[in-house]
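The values are calculated or read from the model by the stated rules, or taken from the named source; none is laboratory data. Please read all numbers here as calculations on a predicted model, not as lab measurements. Methodologically, a virtual Cβ is constructed for each residue, glycine included, from the backbone with ideal geometry; neighbour enumeration extends over all protein chains shown.
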Amino acid sequence: MKNKRFIPKLKRRCKCGCGEITSPGCKWVYGHQARNKNNSNYKHGLKNHKLYSVWHNMKTRCYNPKTTYYQDYGDRDIKVYIRWRLSFKSFYNWAIAHGWEEGLQIDREDNDGNYHPNNCRFVTCQVNNSNKRQYKNNSSGHKGVTFHKASNKYQARCCINRKQKYLGVFNTSKEASKAIKDYMGESI
């Protein structure tokens, strides 16, 4: 009888949904359940973290045409940084290192830019609300400033905690815009 040689089964590496790779033969990455190409189900361990919903909603706004806000993000061709899109862990690590705290919101400094480490920051609700793009019908050229025909002056308004704050009327749009910036600087 021929001497059969024992050939061990090949142990493969698995990739977690966060992007972490296990060592050969190991099924687990600390705090995660590993997955391979055939098994897309995995337990991440951070799914209940508040940043997970920030990450999920960011991707949904940009890539799911069935969502309410897709027209403001995906239709405007706003994308999510590829490493963040593919890996929650990558986004999580960046967020923790760049000042995320509970109660802060993700904000794109350039509203026409993508969700990218160079364009994103964590800010209060007030700052986030002041960093909105201009409405299409805005003829003043400034956010929060509208022309009031009856008085022939410019009105200034801003949004604080989802409530409109009326700041008054001004002779020029620049004065009204300055009033908004001054007020937002005080309330932050």
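So, of the residues in the stretch 65-78 that are surrounded by fewer than 16 Cβ atoms within 10 Å (Cβ to Cβ) and touching a helix residue (DSSP H, G or I) at 6+ places or on another chain (Cβ under 6 Å), which turns out to be nearest to TYR115 (Cα to Cα)? Among residues in the stretch 65-78 that are surrounded by fewer than 16 Cβ atoms within 10 Å (Cβ to Cβ) and touching a helix residue (DSSP H, G or I) at 6+ places or on another chain (Cβ under 6 Å), the one nearest to TYR115 (Cα to Cα) is TYR69.
Inside the stretch 83-107, residues that are over 12 Å from TRP55 (Cα atoms), among the charged types (D, E, K, R) and crowded, with 18+ Cβ neighbours inside 10 Å make up a count of 1. Listed by position, the helices (runs of 4 or more DSSP H) enclosed by the stretch 79-188 that each have at least 3 residues that are at pLDDT below 85 and more than 20 Å from CYS62 (Cα to Cα) are 125-130, 173-187.
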